[in-house]
Amino acid sequence: MILRKTTKRVGGVFAILAVLWLCLASYQATASAPDRISAETIQQNTLGEQARSPFLIGTEYQSPDIMLSKAATVFGFTWHGTVTATFSVQYKNDTTWSDWKKVPAMEGVGKNDLSGTDLLFVSPTTTFRYRYTASEPLTNVQAFALRVDSRTGVVSWLQRFLQSFVPASHANTPIIPRADWGANEEISFWEPEYAQPEKIIVHHTAGADGSVNPETVIQSIQYWHAVALGWGDIGYNYLIDANGNIYEGRKGGDGVIGAHAYRNSACNEQRFGGDHVGVDFNRGTIGISLLGNYQDDEPTAAALDSLSRLIADKAHRYGISPIGFSNFQDLVHVPNVLGHKDVDCTLCPGTNVEDRLVSIRTLSQHYYDELGTPEATTRASFVAASDRDFNLQTQETITLWADFKNTGTSTWHRNDTVPLMLAVSHAGSPLADSSWLSDTAVAKLHTVSVAPGETGRFEFTITAPNDHLEVTETFQLVQDGLAIVNTDFQLVVHVTGLDWAARPKTQAVNAASFLGARLPTSLTFTNAGTQTWTRDNTYLYIYDLGDATSRYRDRDWSEPDGKILLKQTSVKPGQTGTFEFQETSPVNPGRYKQIFRLYAAGQRVVNSEVELITRVDTMYKARYVSSTLPLAMKTGWRPSITVRFKNTGVTTWDKNIRLNAYDLGFRASRFSDPDWSTATGGATLNETSVKPGAIGSFTLRLRAPQPGLYLNMFQLSAANYPYQIQGGAAANITRVDPAR
């Protein structure tokens, strides 16, 4: 009897689970795509006067309170340069401020001139402030407030809950694809590159462990890496949450080069005793990151087991023994499975994972051995080339050679089914020759075969272009679409004999300006061609993005695209020419691309293009705060109302700032009153001055018109300022009832 009741209960539980599973399947089949991550970006230089106590301008700073348009759940910060800084955030829940939360640090952001924190996950908030301390003053600080949607997290949690009742199977290592965790392919602009992996690098994300909503955590990381840090996509190849689920990271599949381990020049010099240059450990490695902060917390057994199985699978694919050692780049006899801190100046993957790397390697080797004998893997190293830096006359052809040592365990054959090829890193090389096998494949092995330990030669031909002054091209060995690590080398070809060529020398271009400002500008170029420039044959043209007409067009330009005259009468080869002119900033705030380009004798001057990003700011910015405008009034009433705006710009307001009132479509307001100083109201600022970050108020008397519903539109303006105040508008609906 007891057994029968127990059986019925178990059967009932599984029946409920089956129904839940079917509901989940139905939901997933009909649900729309996951919502995207969006961000509100705040630049520090637009926040107004800095709080000076207890923090000072420069290496210490505390922001004013920042109000967001929508609730955010993730914060991160970036700044220019390689200065070390520590950021903290305080945010408001309803009316109560949280404690100050330290934002996780991110070391080794990348090779570009940008530094950043990792991400701090918080409960939803619309108000926050931040502070930092830095080793030197920071420039171009940006705060990012990210918003996420947790719908997919609920679905995945339910799915994992149901899967927990299914016996686990480790016949393979299942990986959740990008589409299933909601990757935003619109922000993944990185063109995949491939290289054969030789090492596996273990990371932690230093943030949330994803035990509740891993998809939203990974979506946030993708946005942070792709957009804020400019890596074009998520940096890690794979990610693992606290429940042991494995997620596909960077787009491109096996062998794709990630963006997870780059040692900057300062770290290379100070900790590793190298030259003051960066070292890229992304090529030839697989980056696997555990969600969570394991400097403070302990990794779960599920996460460590999935990590070990994933390492075994990928190591088996490429013939990398998890307990093995080998040389790699500037590292001598290092483990095949490394922690991020082993190659960089960082705490990643945290002490509590780093201390377990020996056991992780051992367990991975056990799983690796269970998979059987791995396939033979091609390995090689670059030895020498006939010439790597030389001059070549335009359209001249030359045949070169490059030697590589076979450092693997299998013999290379010229006529293998999948042969080893010498290739360029990207299609469309300026050095392409008609003898090349494809747009990337340059040549096959010159000798018939090369045994392990022997050296093989590749002979190839290049042709100097007629549209480049100098070409730096990377060559490498490739097999079956994967670049072989340690085989890349560069050729630098200086092209001579070009009639019209230039070398940009200096640019006196304003990086930032206000709307409508006239700006003195100049550029200089060295004549690198064989012909002399003159005032009547050489001109500077100026374009916008896509070669559209420049939005910096000035009234003095002779043509819409500039056609700026050479300052000197003539400029002989080797001499420097100057172009001086005025620009007028666009009338809308934002960032703009300017493209400068020389033309001579009706043709484009080779190597003369200069691209710059310039910023245009408005002198005045505001955000509507509140109004005492009644929701309803009666005809003939003359209420006095107060409208309040926050000064969110960089300029202090004074009595020149006015509040104007309009009807729908900016027509004359039907609430005009005899007391108005102008036809639109023209109420002046109540305060003597309002500094950036403070709130200003305006008082205006209205006279209620005939009964009906009306839209009252308020707009700030500044005397002698012809542009709108950004954000200085508000609209309210008012009902007017009969007087009786």
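Within the straight-line cut-off of under 24 Å between alpha carbons, the lysines reachable from residue 199 are 111, 251, 314, 341, 405, sequence neighbours fewer than 8 places apart in one chain being disregarded.
Judged by the ratio a/c of the largest to the smallest principal axis of the C-alpha gyration tensor, the stretch 622-737 counts as prolate, that ratio being 1.5 or greater while a/b is larger than b/c. Shape class for the chain: oblate, because the ratio a/c of the largest to smallest gyration tensor axis (alpha-carbon atoms, square roots of eigenvalues) is 1.5 or more and b/c is at least a/b.
Counting charges near residue 688 (Lys, Arg +1; Asp, Glu -1) among other residues having Cβ under 14 Å from its Cβ returns a value of 0.
Just need the relative contact order of the chain here, percent rounded to a whole number, with Cα pairs under 8 Å and 6+ apart.
Numbers: 1745 pairs, mean separation 59.2, N = 740.
Reported relative contact order: 8 percent.
Neighbours of residue 442, meaning other residues whose beta-carbon lies under 12 angstrom from its beta-carbon, give a summed charge of -3 when Lys and Arg score +1 and Asp and Glu score -1. Distance between the C-alpha centres of the stretch 382-404 and the stretch 414-451: 15 Å, rounded to the whole angstrom. Which of the three applies to the stretch 502-617, rounded, prolate or oblate, going by the alpha-carbon gyration tensor with a ≥ b ≥ c and a/c under 1.5 meaning rounded? Prolate, because a/c is 1.5 or more and a/b exceeds b/c.
Annotated for the stretch 590-740: lysine pairs at least 8 residues apart or interchain, Cα distance under 26 Å, count 7. Going toward the positive end of the dipole of the chain, with +1 on Lys and Arg Cβ and -1 on Asp and Glu Cβ, which of 267, 88, 449 do you reach last? The one lying farthest along the dipole's positive direction is 88.
The listed peptides 675-685, 314-324, ordered by packing as a protection proxy, come out as 314-324, 675-685 (highest mean of other Cβ atoms within 10 Å first). When the chain is described by a simple charge dipole with +1 on each Lys and Arg Cβ and -1 on each Asp and Glu Cβ, the residue from 143, 184, 653 located farthest towards its positive end is 653. Rounded to the nearest 500, the helix-only mean residue ellipticity at 222 nm of the chain stands at -4000 deg cm²/dmol, with each DSSP H run of n ≥ 4 adding -39,500 (n - 2.57). When both the stretch 59-130 and the stretch 650-698 are represented by their alpha-carbon centers, they are found 35 Å apart.
For residue 572, the lysines whose Cα falls under 23 Å of its own Cα, not counting residues fewer than eight places away in the same chain, are 505, 563. A straight Cα-to-Cα reach below 17 Å connects residue 102 with the lysines 92, residues fewer than 8 places away in its own chain not being considered.
Just so you know, all these numbers are worked out from the coordinates, no wet-lab data involved. Only a predicted model underlies this, so the values are computations on that prediction, with no experimental measurement involved. Every residue, glycine as well, gets a Cβ built from its backbone with ideal geometry; the counts of neighbours run over all protein chains shown.
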